1. Restricted to the stretch A:239-284, and to residues that are more than 11 Å from every other protein chain (Cβ to nearest Cβ) and among the polar types (S, T, N, Q), which residue is surrounded by the most Cβ atoms within 10 Å (Cβ to Cβ)?
2. If I filter the stretch A:146-204 down to residues being without any contact (Cβ under 8 Å) to a residue 24 or more places away in the chain, among the aromatic types (Phe, Trp, Tyr) and assigned by TED's automatic domain parsing to the domain that holds A:Asp119, which single residue comes out as farthest from A:Leu215 (Cα to Cα)?
3. Which residue, of B:Ser38, B:Ser49, is under 25 Å from A:Lys204 (Cβ atoms), assigned to a helix (DSSP H, G or I), among the hydroxyl-bearing types (Ser, Thr, Tyr) and more than 8 Å from chain A (Cβ to nearest Cβ)?
4. Identify the residue in the stretch A:165-210 that is assigned to a helix (DSSP H, G or I), touching a Ser or Thr at 6+ places or on another chain (Cβ under 9 Å) and facing chain B (nearest Cβ under 7 Å) and, among all such residues, is farthest from A:Phe256 (Cα to Cα).
5. Could you count how many residues in the stretch A:334-365 are more than 15 Å from A:Pro260 (Cα to Cα), hydroxyl-bearing (Ser, Thr, Tyr) and either surrounded by 20 or more Cβ atoms within 10 Å (Cβ to Cβ) or touching a strand residue (DSSP E or B) at 6+ places or on another chain (Cβ under 7 Å) (or both)?
6. From the list B:Ser9, B:Ser65, which one is surrounded by 10 or more Cβ atoms within 10 Å (Cβ to Cβ) and within 14 Å of another protein chain (Cβ to nearest Cβ)?
7. Let me confirm something: among B:Ser49, B:Ser65, B:Ser40, which residue is more than 29 Å from A:Thr209 (Cβ to Cβ) and either at pLDDT below 95 or among the hydroxyl-bearing types (Ser, Thr, Tyr) (or both)?
8. With the condition kept exactly as written, say whether any residue in the stretch A:152-167 is closer than 22 Å to A:Ala85 by Cβ and at pLDDT 75 or above.
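The values are calculated or read from the model by the stated rules, or taken from the named source; none is laboratory data. Keep in mind that what you see is a predicted model, and the values were worked out from it rather than measured. Every residue, glycine as well, gets a Cβ built from its backbone with ideal geometry; the counts of neighbours run over all protein chains shown.
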Amino acid sequence: MQCRSALLTKKINYFCTKFRNVIRQVIMQFTRALFFLAVLVLSQPVLLNASGHAEHAADSIQNTPIEHSHSEGHEAMTMKEEIKAHISHHLQDSYGFHLFTDTETNTHYGFPLPVILIDNGLQIFSSSKFHHGESVAESNGNYYTLYHGKIYKTDESGFMPMHDGHVHNEKPLDFSITKNVFSIMVLSFLLVLLFMGAAKSYKKSLVPTGTARFLEPLVIFVRDEIAIPNIGEKHYKKFMSYLLTVFFFIWFVNLFGLTPLGINVTNSISVTFALAIMTFIITQVSGKAEYWKHIFWMPGVPVPMKILLAPIELLGIFIKPFALLIRLYANITAGHVVLMSLIGLMFIFHSWIGSSLSFALAVSLSLLELLVAALQAYIFTMLTALYFGSAVAEHEHH
Amino acid sequence: MEKLIEQFSVGLFFWQTILFLILLFILKKYAWKPILDSVSERENTIRESLDSAENAKKELAELQSKNENLIAEAKIERDALLKEARELKDKIVGEAKGEAKEEADKIVQAAHAAIEAEKASAIAEMKTEMASLSISIAEKIIRKELSSDDKQKSLANELVADIKLN
């Protein structure tokens, strides 16, 4: 009798977990669908506007210093333009850590960062020399100016010849500690501090204490849910450091991107490109004979098919990390654009209904972004693990 | 696409790569390795403890069953011993009884024989005694009978008559 009831409870438990998994999946799918829908719907006007007014917005930025210098009493930018400029400015990297600007007094709050250029030797100077793009910076007899968030070589007067709306000035090789680099440094330091602290708590006893108690489940999640299922019990160990670092790096950077500090590391293509290329290199380096065989001479298909598949598979090697870098970049950028647009809408709607509505939307989108921050880190790490898994897989032939 | 390429910054790419690699190596050495090692060590400890607990349980059960077996065996042995002892006793007693009976029989037989012999010798003695007695009686009678000559003559005649009859 007892045995039977035990069996029943076991069965019920089994169904409960199964049901829970199904529900979780449904919620996940639903949220994802909702998010994409939201991004699609909300970003369309923004993107349309952005593309339509790209030059316009750029002009307004470019004109700003001139406007300010020529006529102080000139009417300021309209609210819409200001918001647009703010968003496009946010999406770009910058040479100083800019927190906010008081447009009335035209004072900028933030701090400058070092500019490092390779141009006739190493040129190092503070970005405060640009005066926020309002003046020409001089270093060892070389003159530089800031235009569209990029540094160009110029002369003492700031001469910038324009052809068909493009600047043809020389761009020096730029290794500046920009806002993004600075953010990466600070966040990396934070990560090191956090995880070294967590690691230290294991020295006393094997039972985690303090931060380790929170971080350990995440580490185990990466190991048990990402690394082992995708790479396999046999090979996963050597990839763990990379997977963990990528996961926590992306997650932290995404999370800090949601703070009002205006950090936007993962929505610069260079960062996601760097991450994807590391995944790419590690995948190719650890690729076993089996992996290459599956690319160039697919087993189990007829010869013409093999010949047809080889270029596709070869292309796939490059498309995979490319998709990786675009996915992360696009998701975070879209999130930031939509969120900032919604926040901007609060100022454009001068009615309490519209503003509060867009406020509510912005809050719910922030919550969604919180999920996306973790989700993108998860997806990036998961796909990375998947590629590593395919590189080290030992197929049993059918 | 063009915009993306335009956005690409070599400096940021360079710094991201360098910083990420530094982060990777620092974390690998000072965070991931100790954390993962401790976690797996703990998992092993838990697994081993559970295993050893299970083993101890099994051992205990084994010990118990062994004890029970031992007790049962001891019981059986004791019973067997008791039975054997009883049998032995019975056997010894039976044997003793048989022997005693035999001895008694022998004694009785010997007594019988002795009695028989005594009887026989007594009878024999009695016979001789009686024979000598009767001889002496007969002598006395004969002496008395044969004390005169005529008596002797009549006897001799009688005897002769007897012989003739024969």
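1. By that ranking, first place goes to A:Asn254.
2. Per the criteria, the residue is A:Phe159.
3. Values: B:Ser38 fails: more than 8 Å from chain A (Cβ to nearest Cβ).
None of the other options fit; the residue is B:Ser49.
4. Just the residues of the stretch A:165-210 that are assigned to a helix (DSSP H, G or I), to begin with: A:179-204.
Add one more test, that the residue is touching a Ser or Thr at 6+ places or on another chain (Cβ under 9 Å), and what stays is A:179-180, A:191, A:194-195, A:197-199, A:201-203.
Checking which are facing chain B (nearest Cβ under 7 Å) leaves us with A:180, A:191, A:195, A:198-199, A:202.
Details: A:Asn180: 12, A:Leu191: 12, A:Phe195: 17, A:Ala198: 20, A:Ala199: 23, A:Tyr202: 27 Å.
By that ranking, first place goes to A:Tyr202.
5. 1
6. On the way: B:Ser65 fails: within 14 Å of another protein chain (Cβ to nearest Cβ).
Going through B:Ser9, B:Ser65 in turn, just one is surrounded by 10 or more Cβ atoms within 10 Å (Cβ to Cβ) and within 14 Å of another protein chain (Cβ to nearest Cβ): B:Ser9.
7. Details: B:Ser49 fails: more than 29 Å from A:Thr209 (Cβ to Cβ); B:Ser40 fails: more than 29 Å from A:Thr209 (Cβ to Cβ).
Just a single option satisfies the conditions, and that option is B:Ser65.
8. Filtering the stretch A:152-167 for residues closer than 22 Å to A:Ala85 by Cβ gives A:152, A:158, A:160, A:162, A:165-167.
Still in the list and also at pLDDT 75 or above: A:152.
There is at least one residue in the stretch A:152-167 that is closer than 22 Å to A:Ala85 by Cβ and at pLDDT 75 or above.
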